[in-house]
Amino acid sequence: MTEKQAATGSLANLTTNSAESSERAFAGRLPSVERVLADAASAPLVAQYGRTQTLTALRSLLAELRVELVGGNSTSDVPPGIAGLTAVLAERLAKTAVSSIKQVFNLTGTVLHTNLGRALLPDVAICAVVDALRSPMNLEFDLVTGKRGDRDDLVEELLCELTGAEAATVVNNNAAAVLLMLSALAPRREVIVSRGELVEIGGAFRIPDIMMRAGAKLREVGTTNRTHVADYADAISPRSALLMKVHCSNYAIQGFTTSVEVDQLAQLTKEHGTPTVVDLGSGTLVDLSQYGLPHETTVRETIEAGADVVTFSGDKLLGGPQAGLIVGRADLIKKIKRHPLKRALRVGKLTLAALEPVLALYRSPEFLPERLTTLRLLTRSQSAMRVQAENLLPIVQRTVGPAVVVTAEPLFSQIGSGALPVDLLPSYGLALRMNASQQRGRGLGKVERMLRDLPRPVIGRIANDTLLLDLRCLEDADEAQFIAQLLKLSS
Ligand SMILES: *Cc1c(COP(=O)(O)O)cnc(C)c1O
């Protein structure tokens, strides 16, 4: 039922009820706004929501009823009493007051789920954001000189320390970082990219489109599966601005393939002077293999291989707030920072407040799996999730009823957000299937809907007539709330 249907539904009830209760006080006429507001029943609404909001809601309610009356709808020719009207009003005002932003349980198995807000931040970052919200800060104020500062200064040194780059700047997200980098470094000139790397990341981020928007000219080289150094070398001309590599975030090409590594492009840069830039996508700051995860090229490795500029996201593997980080050669970063788009794409203080403490965590890589939320989720042990699944099974079973069979099963989670697209993490969770006698698809859809309709919606994933609840992202702190909500539902 949509909200609109719900509203008309309750109106219909209201008018029918009032007809039945022979409340004909207004005999075909609606009470005035003033009369309703003056009634004692309106007082608590005015007290809670204020006169302005109550009045607006009342006016629109009366206007709707007036239309019904004019339409000669038989159930509506007796207008509701004031008590009925204020009851509907209370319902509507309460509905408006509910926030459209909701916390959910991410049981999809995708840790960095773009639609569910990607990385969850560690407490140090959360506290820093709260402080930044509450008090003035040195956002663009140099406390040493007492003069105007640059907001990038708050994190530039840390970024350089962690990546080995000479300079750094921060923008709103990685898409913005790529757009700004190309706009600043390649206006009306050619950017040489392999045909195997002309990716679409999703949500309308396509390398050829971004290139056009940035005013650069895409010079494709090689083929989808194979591109060689010679292909880049042959394409270099006085019109070339950049050699560019793009991380194939959300797909992998397998079989008869060749691609050119950053160090090979850097060699061409040495010979021809055309800088090498890399859109690393997720871009991690540490070697993830030390935590038992698959290796993903780090930003430092990319810089050390000779990349002149590297862009990456703040809220993917890095585990921080949404941001686009640009690191690299000092002269190129300077050019990027001076471009007018930088001002349009700059980050706010909340982003910087969250980013700095997250970056600082990387100074102690040995504590990261415990302190960096994203890494903690990615490295959760399958046996811990198995115990959790077995504990939750009877509770979930009771909630969904005997028409659904719930079992605890090993699953595979994904990192998500285009990080390591083909690597799957062994996980554990609950599998919900309809009993053989039930209508499979529809029944399961109802269960999925029921979980999604909870006060804190539970989001799983459906595959092969099975609703999977992957427990990787249900940490202890949240588990109690998860259980309490289900118990309330089944009691
Ligand atoms: C994710 C990604 C982007 C976009 O980054 P956002 O931070 O989501 O804007 C761009 N390029 C690559 C290769 C990516 O993986």
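The values are calculated or read from the model by the stated rules, or taken from the named source; none is laboratory data. Note that the coordinates shown come from a computational prediction; the quantities given were computed from them, not determined experimentally. So basically every Cβ, Gly included, is an ideal-geometry build from the backbone, and we count neighbours across all protein chains shown. For accessibility, only protein heavy atoms count, side chains too; no ligands or nucleic acids. Shrake-Rupley method; radii C 1.70, N 1.55, O 1.52, S 1.80 Å.
As an exercise, identify the trypsin sites (Lys or Arg not before Pro) in region 62-168 lying in DSSP coil whose Cβ has no more than 16 other Cβ atoms within 10 Å. Spell out each step's value before the answer.
On the way: sites: 66, 92, 95, 102, 118, 134, 147, 148, 151; in loops: 102, 118, 147, 151.
The qualifying sites are 102, 147.
So what are the ³J(HN,Hα) numbers for region 455-470, from phi and the Karplus equation (6.51, -1.76, 1.60; θ = phi - 60°), rounded to whole Hz, Gly and Pro as x?
So the Karplus estimates, Gly and Pro as x, are x, 10, x, 9, 10, x, 9, 9, 8, 6, 6, 10, 9, 9, 10, 7 Hz.
What FRET efficiency would be calculated for the residue pair residue 126, residue 234, taking the C-beta separation as r and a Förster radius of 51 Å, to the nearest 0.05? Before the final figure, lay out each step's value.
On the way: r = 51 Å, r/R0 = 1.01.
Here the calculated transfer efficiency is 0.50.
If Lys and Arg each add +1 and Asp and Glu each add -1, what is the summed charge of the other residues whose beta carbon sits under 15 Å from the beta carbon of residue 385? Show your work: numbers first, answer last.
Working: positive: 376, 380, 386, 472; negative: 390, 409, 470, 475, 476, 478, 479.
Local net charge: -3.
Pop out the ³J(HN,Hα) list for region 402-412 in order, Karplus 6.51 cos²θ - 1.76 cosθ + 1.60 with θ = phi - 60°, rounded to Hz; leave Gly and Pro as x.
Result, rounded to whole Hz: x, 6, 10, 9, 10, 10, 8, 9, x, 10, 10.
Enumerate the calculated ³J(HN,Hα) couplings along region 204-217 in order (Karplus 6.51 cos²θ - 1.76 cosθ + 1.60, θ = phi - 60°), each rounded to whole Hz, writing x wherever the residue is Gly or Pro.
6, 9, 10, 3, x, 5, 4, 4, 5, 4, 7, x, 9, 9
Using a 1.4 Å probe, what is the accessible area per residue for the chain, in Å²? It would help to have the intermediate numbers written out before the result.
Details: 23900 Å² over 491 residues.
Here the per-residue accessible area is 49 Å².
Enumerate the amide H contacts of residue 118 below 5 Å, restricted to partners 5 or more residues apart or on another chain; note that Pro and chain-start residues carry no placed amide H.
When sequence neighbours closer than 5 places are left aside, the close amide H contacts are 113.
Per the 1.4 Å probe, what fraction of the accessible area of the chain, in percent, lies on carbon and sulfur atoms? List each step's numbers first, then the result.
Details: 12500 of 23900 Å².
For the chain, the apolar C and S fraction of the accessible surface comes to 52 percent.
Run lengths n ≥ 4 of DSSP H only: what is the helix-derived mean residue ellipticity at 222 nm for the chain, with -39500 (n - 2.57) per run over all residues, to the nearest 500?
Numbers: 20 runs with 218 residues, N = 491.
That comes out to -13500 deg cm²/dmol.
Looking at region 247-320, which chymotrypsin sites (Phe, Trp or Tyr not before Pro) are in a loop (DSSP not H, G, I, E or B) and have at most 12 other Cβ atoms within 10 Å?
On the way: sites: 251, 256, 291, 312; in loops: 251, 256.
Those satisfying the criteria are 251, 256.
Quick one: go through region 199-236 and flag any residue whose amide nitrogen is under 18 Å from the point 7 Å out along the Cα-to-Cβ line of residue 258.
Residues passing the 18 Å test: 221-236.
DSSP H helices in the chain with Cα extent of 27 Å or more along the helix axis and mean Kyte-Doolittle hydropathy at least -0.5? Mind showing how you got there, number by number?
On the way: long enough: 51-70 (28 Å, 0.39).
Qualifying helices, which must be both long enough and hydrophobic enough, are 51-70.
Given C-alpha coordinates of the chain, what is the ratio Rg to Rh with the Kirkwood estimate of Rh?
Details: Rg = 28.9 Å, Rh = 26.6 Å.
Radius of gyration over Kirkwood radius for the chain works out to 1.09.
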